[in-house]
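Visitor: The structure's right below; bear with me while I get my questions together.
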Amino acid sequence: MFNTKFCFPDQWTFANYSKLLSDLKKCYTFLSFSDNDSSAKRKIFLRHDIDVHPNFLDPLLEVETSLDIRSDIYLLNESPLYTIEDMAPKVTDLLSNGFTVNLHFEYDKNSPDSYEAQHLVQLERFVNVTGHQPKLYTDHKPRGQTHVNVSCNELINAHSANVNGPCDYISDSRGQWNHSNHPLKKSHLMLLTHPIWWNQEHVEPLNCLLRASQHHEPHIQQSLLHRLTFRR
Ligand SMILES: [Zn+2]
């Protein structure tokens, strides 16, 4: 059913993103994962993890806004190209336009502190800087069992839905489509995109990363390339 109804494009362009969302909108109700208790029969949770830089987010949000769709946005406290301090004005702007803004948590397995303790430190910085208390979080590059946690420090782990919950899951992680079930089996769907891969005209994943870091020092480029896994 899924494969015949929806065409997940090979060319990751804004035009194809718009076509994909309009097709999905015919079959699903777009909701924030914070409204997961809605009684809608077929729900879709559209999510963006901002691993690189928020500049790549805006064109996708323009597409969504034109289709009267809103998404859940997850921000890191620290990436090679932005910090949450840089993002405070943007958070206010996103919230006022109906998007939810949430914590993209990065667990350091080499730290002596527990997952929960690290999560709390990052959450407190996020709230102090933005003045916004998020309801949701996701793990950046989830490892081991971290992603099955249903909640942490009273934030709901949206990523756990595709492990424990009623959602199928499709993502563009590593610059390729990843499907939890193929074809889809469940009533609801979580769709994760990383805005860096999407462009006016299709750009290969490595070139997306190089472009993102081209005006930065070589060690930042290297940090970015090491930090993100992608299709080669
Ligand atoms: Zn991430």
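Visitor: Return yes or no: is Thr83 buried (at least 18 other Cβ atoms within 10 Å of the Cβ) and of a type in the set (Val, Ile, Thr)? Please lay out each step first, then the result.
Guide: Values: buried (at least 18 other Cβ atoms within 10 Å of the Cβ): no; of a type in the set (Val, Ile, Thr): yes.
Against the criterion (buried (at least 18 other Cβ atoms within 10 Å of the Cβ) and of a type in the set (Val, Ile, Thr)), Thr83 does not qualify.
Visitor: Sticking with this one: Those residues that are of a type in the set (Ser, Thr, Tyr) and in contact with a Lys or Arg (Cβ under 7 Å, 6 or more places away or on another chain), I need them from the range 185-208; list them, please. Write out each step before concluding.
Guide: Taking the range 185-208 and keeping what is of a type in the set (Ser, Thr, Tyr), we get 187, 193.
Correct list: Ser187 only.
Visitor: Quick one: in the range 29-58, which of the residues that are in contact (Cβ under 8 Å) with a residue 60 or more places away in the chain and assigned to a strand (DSSP E or B) is nearest to the ligand (Cβ to nearest atom)?
Guide: Looking at residues that are in contact (Cβ under 8 Å) with a residue 60 or more places away in the chain and assigned to a strand (DSSP E or B), I get Asp49.
Visitor: Does Lys43 count as farther than 28 Å from Val148 by Cβ and basic (Lys, Arg)? Write out each step before concluding.
Guide: On the way: farther than 28 Å from Val148 by Cβ: no; basic (Lys, Arg): yes.
For Lys43, the condition - farther than 28 Å from Val148 by Cβ and basic (Lys, Arg) - is not met.
Visitor: Also, quick follow-up: Give the residues of the range 182-199 that are surrounded by 14 or more Cβ atoms within 10 Å (Cβ to Cβ) and within 17 Å of Leu24 (Cβ to Cβ), sorted by residue number. Let's see the steps before the verdict.
Guide: The initial filter retains those residues of the range 182-199 that are surrounded by 14 or more Cβ atoms within 10 Å (Cβ to Cβ), namely 184, 186, 188-199.
Within the range 182-199, Leu184, Lys186, His188, Leu189, Met190, Leu191, Leu192, Thr193, Trp198 meet the criteria.
Where a number appears in this text, it was derived from the coordinates with a stated rule and is not lab data. This structure is a prediction, so every number in the text was calculated from the model and none was measured. Don't worry about glycine lacking a Cβ; one is built from the backbone with ideal geometry, like all the others, and counts go over all protein chains shown.
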